[in-house]
Amino acid sequence: MGRIISISNQKGGVGKTTTAINLSACLAEKKKKVLLIDMDPQCNATSGLGILKKDVKKTTYMLMLGDCSVKSAISKTSYKNLDIIPSENSLSGVEIELINTKNVQYILKQSIQPIVDSYDYIIIDCPPSLNLLTVNAMTASDSIIVPIQCEYYALEGLTMLMKIIDMVQDKLNPDIVIEGILFTMYDGRTNLSSDVVDNVKSNLNVNIYNTLIPRNIKIAEAPSYGQPINVYDPKSKGSLAYKQFAKEVINYREK
Ligand code: ATP
Ligand code: MG
């Protein structure tokens, strides 16, 4: 059965999409069958994998509204073992469109059910908010990976995120766990980055991945070429880090 992992943190710009794309691609490179679900109306995971708006036919928006089947919503990417359900900007209005729908927190979970067994991993890229889209992602997931940017305000908002995860666990999905915290944009030359890591370690009682994702220009460049980092520059520090991280994620599953 496929393992469903949400990449979530309501703080913007912490590396969620970068992690969703590159973790998915590195798992696929290791011969795992992967589906990336873009749950963000910004569509960054979709464009970051080189999928153009004009070529997108079915999306997470249509899936959420029940306007298409999950099988028809899946697109192939240019990368072996890696499929995607792309997003579109209209997804931002879905919360209002679904206002009178029953069991609205379970729509994603129910709609992906038919394909869960066709993948080893389903990775969900969440938007930077704790809204219905994020709740749907968490309800559908086995676990959550929380990327944290190594900056001064890193801990801000984490308490709220933990509260929401507790609520989801309590009311919607008792089995969900925080798989771990991933530090992103780590800069080994500054004390700040290592202070942030130490601070989070001493304040939160959760698994923290050994891999630190460095701040690396190649990681930032790759999406504009529609490529994951392991394809764009396989030997870059960023690529090696995401490959290492993918190994940790695989080992977690097999622990
Ligand atoms: P949002 O909350 O808007 O969805 P996000 O959490 O998905 O944002 P990303 O889009 O992944 O964050 O990253 C924010 C910016 O930081 C992007 O421009 C991305 O290219 C850049 N970035 C992410 N990780 C790294 C890194 N390790 N090194 C350098 N730049 C990075
Ligand atoms: Mg994003």
Notebook entry, point to check: In the chain, how does Rg compare with the Kirkwood Rh, expressed as the Rg/Rh ratio over alpha carbon atoms?
Noted result: 0.94
Margin query: With equal scatterers on the alpha carbons only and no solvent term, can you work out the Debye log10 of I(q)/I(0) for the range 66-144 at 0.17, 0.24, 0.25 1/Å?
Written below: -0.74, -1.48, -1.58
Check: Can you give the three extents of the C-alpha atoms in the range 63-112 along their principal axes, from longest to shortest, in whole Å?
Finding: 39, 22, 15
Item checked: List 185, 39, ordered by accessible area with a 1.4 Å probe, largest first -> 185, 39
Notebook entry, point to check: How big is the convex hull of the Cα atoms of the range 95-196, per residue, in Å³?
Noted result: 120
Check: Over the range 1-98, what lengths in whole Å, largest first, do the semi-axes of the equivalent ellipsoid take, defined as the square roots of 5 times the eigenvalues of the alpha-carbon gyration tensor?
Finding: 21, 16, 13
Next item on the list: Given the peptides 90-103, 19-32, arrange them by the average over their residues of other C-beta atoms within 10 Å, most packed first.
Entry: 19-32, 90-103
Notebook entry, point to check: DSSP loop trypsin sites (Lys or Arg not before Pro) in the range 104-196 with at most 15 other Cβ atoms within 10 Å of their Cβ, which ones?
Noted result: 189
Item checked: lysines with Cα under 20 Å of residue 57, excluding same-chain neighbours fewer than 8 positions away -> 71, 76
Notebook entry, point to check: Mind checking which lysines have their C-alpha under 16 Å from residue 102, skipping anything on the same chain fewer than 8 residues away?
Noted result: 171
Check: Ignoring ligands, DNA and RNA, how do 219, 85 rank by accessible area with a 1.4 Å probe, largest first?
Finding: 219, 85
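The values are calculated or read from the model by the stated rules, or taken from the named source; none is laboratory data. As the structure is a prediction and not an experimental result, all values here were calculated from the model. Neighbour counts are summed over all protein chains in view; Cβ atoms, including those assigned to glycine, are modelled from backbone coordinates with ideal geometry. With ligands, DNA and RNA removed, areas are computed over all heavy atoms of the protein, side chains included. Shrake-Rupley method; radii C 1.70, N 1.55, O 1.52, S 1.80 Å.
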